[in-house]
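One structure is given below, encoded as structure tokens.
Every number in this text was worked out from the coordinates using simple rules, so none of it is lab data. Treat the numbers as computed from the prediction; the structure is a model and nothing was measured. When we count neighbours, we look across all protein chains shown, and the Cβ atoms used for this are built from the backbone with ideal geometry, even at glycine.
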Amino acid sequence: MQIKRDYSQPFFSNRRRRRTNFRFLLVYAALLGGFLLFVNAQFDRLQLMALDAVGMAPTPTPFASTWANQGYEQFMNGKLKEALAAFEQAVNQQPDNVNYLYEYGRLLLEINEEGYPQRVVELGDRAIRAAPNDPRGYALKAKGLVWSGDSAAAVPVALTGRELDPNFAPLHAVLSRAYTTIGRYQQGLDYGESAVALDPLDIDARRAYAYALIWVGRRDDAIIQLEDAVTINPNLTTPYFELAVQYVAKDEYELAVATYEKVLSLDAFNTKALLRLCETFSRIREDSQAQGYCEDAISIDPNYKEGHRQLGVVRYNRRNYEGAIESFNQCLSLGTATNPPEIQCYYLKGLAHYYIGQYDDAWSNLTQALTMTSDPGLISTITEGLRLVTVSSDTYRFQGIPTLEPTTIPPTPIGGVGG
């Protein structure tokens, strides 16, 4: 039998082709569905990859540990505000992490702006609630209380922490500060010495021990401790101020000037260092240099009340009484309830008014100053100014001079203890 094939038709029937096309569509649909499911599940990641490819990807949020590491690096570089901001981020992410609470609180006290010590007390309470057996919470709260002016309340808090860990140096350091402040100097010395022995590289231990040494008249030993403190972290400016004050107290002005200039080498716009240089040069009656530093400080911060006060002092010493009055007026206008003007802005302004014959203003400012002090030396200076007004002015010739009995004030180390 002969089979006749029509070669104009395909070898495979239409039925087989239709089956093949249907299978292909099923496979394609399955692959497409799987791809769409993958894209939907990984959309955020794929979107970031696409944005990153064109340089538009958002910056990922760092972990708390990343913020803490950045904060520590900034602290070691002496950038306290930047360090504080980094640790604040870490605390916001992990509000009960004692590691971050402790370092954040320490930075608040190092910067020590208005309200910071009270915040540290709160952070200490939070740390104690989060970890009752961790001594750092007690050390933090005690330090906040000392810096808030309540050293008596700080002692039992620190002693409670010491029972948990008798070898934790920061507790010894804060006990040294607290006991010294309330006049128990031997205990302040003992705890300061033990704090340094427990951790010789703890800057706060050195500073606390120096604080106690100053109060018992061992200034040379205190200077050694503060010199060691600045060596531990040469980028931290606060110990330099404390050290320079002690140099001034010993009349070692060149060392004091060099120390403040070191601060300016770390922070050229440090108004506090410029002010201290102004005060130091004024102290040795290098008034021209002093005035330059004061003017530099005010040019950086026109609202720097202490800068205007000291510029007034320098102008007064140079017998520029009109200029002194102008500076003291600025000092008075910038005073607030929590940061009032210093007494010099009143009594030196009064004396400046006296020397240019403005007796009403002289009397007003001098009597105001008299109500602000219990220091016998200042009372004597102010009452002498009032007496001069009565001698020189017909209006006040028979005016009775206000009297104020001087009261005994607590002893203060020569040159002060702060920066």
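Here are some notes:
- Here M76 passes the criteria (1) exposed (fewer than 15 other Cβ atoms within 10 Å of the Cβ); (2) touching a residue at least 12 places away in the same chain (Cβ under 8 Å); (3) farther than 21 Å from T237 by Cα; (4) of a type outside the set (G, A, S) except the one numbered (3).
- Filter pass, N303 being assigned to a loop (DSSP other than H, G, I, E, B), more than 28 Å from T336 (Cβ to Cβ) and in contact (Cβ under 8 Å) with a residue 24 or more places away in the chain: no
- Test: residue in region 235-247 that is of a type in the set (V, I, T), within 24 Å of Y138 (Cα to Cα), assigned to a helix (DSSP H, G or I) and touching a residue at least 60 places away in the same chain (Cβ under 8 Å): yes
- All positions within region 182-202 that are closer than 21 Å to D150 by Cβ and in contact with a helix residue (DSSP H, G or I) (Cβ under 8 Å, 6 or more places away or on another chain): I182, Y185, Q187, G188, Y191, G192, A195
- Any hit, region 316-332, residues being surrounded by fewer than 18 Cβ atoms within 10 Å (Cβ to Cβ), more than 26 Å from R285 (Cβ to Cβ) and either touching a residue at least 40 places away in the same chain (Cβ under 8 Å) or of a type outside the set (K, R) (or both): no
- Restricting region 181-218 to residues that are surrounded by 24 or more Cβ atoms within 10 Å (Cβ to Cβ) and more than 23 Å from Y247 (Cα to Cα), the residue that is nearest to the chain's Cα centre (by Cα): A195
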